[in-house]
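Take a look at the structure below.
The values are calculated or read from the model by the stated rules, or taken from the named source; none is laboratory data. Here the structure is a predicted model, which means the values were calculated and not measured. Quick reminder, even Gly has a Cβ in these numbers, built from the backbone with ideal geometry, and neighbours come from all protein chains shown. Protein only, heavy atoms only, side chains kept; ligands, DNA and RNA dropped before computing areas. Shrake-Rupley method; radii C 1.70, N 1.55, O 1.52, S 1.80 Å.
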Amino acid sequence: MTETILVLNGPNLNLLGTREPDIYGADTLDDIAERLTVRAKELGYVVDMRQSNHEGHLVDWLHDSQGWGVKAILLNAGALTHTSVALYDAIRAISVPVIEVHLSNPLAREDFRHVSFVGRAARGTISGFGALSYMLALEAAAAL
């Protein structure tokens, strides 16, 4: 049975490719999913990519990941990164390792983006490399 790497995406990431491309790039979430799927297969994994604009969905998927036998989770929580104690608690409550992912470098942006509740609970963070951040996170997840 092939192990799964769960990729969770939060609010507004459904707009990738059109939302502020100077910050987030021209790649859509589907473009990123396609590249992740190909590389994951080469590494012997499958990718389950999900997106929601609702915090509760992300929390539920984090909780459910343990029962699904997920190897690791890549989480781009979007703006919830900086505000969600619920995501922090959900990550801390599970044994599946979580890697925080960001397209931009939050530390090079507005001050409010310098705080990451997700990062405080995650195994590690990869940010600032555009769509490549997801690929780098996948490589890290496979190496865990």
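Overview of results
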{"item": "FRET efficiency, 1/(1 + (r/R0)^6) with R0 30 Å, evaluated for ARG113 and ASP64 via beta carbons", "result": "0.60"}
{"item": "Cβ-defined net charge surrounding ALA131, 9 Å radius [Lys, Arg +1; Asp, Glu -1]", "result": "-1"}
{"item": "Local net charge near LEU16, Cβ-Cβ under 10 Å (Lys/Arg +1, Asp/Glu -1)", "result": "-3"}
{"item": "Zero-based 10 Å bins, Cα pair distances in the range 16-144, whole percents", "result": "13, 45, 37, 5"}
{"item": "Residues whose placed amide H lies under 5 Å from that of LEU16, excluding near-sequence neighbours", "result": "LEU29"}
{"item": "Theoretical ellipticity at 222 nm over the chain - DSSP helices of four or more residues, -39500 (n - 2.57) apiece, nearest 500", "result": "-12000 deg cm²/dmol"}
{"item": "Estimated FRET transfer efficiency (LEU132, ASP22; beta-carbon r; R0 25 Å; 0.05)", "result": "0.90"}
{"item": "Relative contact order, percent, the range 1-104 [alpha-carbon distance under 8 Å, six or more residues apart]", "result": "38"}
{"item": "Debye, to nearest 20: dipole size of the range 1-65, +1 on Lys, Arg Cβ, -1 on Asp, Glu Cβ", "result": "100"}
{"item": "Label point 7 Å beyond Cα of ASN12 along Cβ direction - residues of the range 72-92 with amide nitrogen under 13 Å", "result": "77-83"}
{"item": "Contour minus Cα-Cα distance for THR2 and ILE94 (0.36 nm per residue)", "result": "31.0 nm"}
{"item": "Magnitude of the charge dipole, the chain, Cβ model with Lys/Arg +1 and Asp/Glu -1, debye to 20", "result": "300"}
{"item": "Extension gain from ASN53 to VAL38, taking 0.36 nm per residue of separation minus the Cα-Cα distance", "result": "2.8 nm"}
{"item": "Environment charge at ALA77 (Cβ cut-off 9 Å; Lys +1, Arg +1, Asp -1, Glu -1)", "result": "-2"}
{"item": "Dipole of the chain [Lys/Arg +1, Asp/Glu -1 at C-beta], most positive-end residue of PRO97, VAL59, LEU43", "result": "PRO97"}
{"item": "Simple label model, 7 Å out from Cα along Cβ direction - ASN105 to ASP30, nm", "result": "3.2"}
{"item": "Accessible surface, the chain, averaged per residue in Å² (probe 1.4 Å)", "result": "49"}
{"item": "Of all accessible heavy-atom area on the chain, the percent that carbon and sulfur account for (1.4 Å)", "result": "51"}
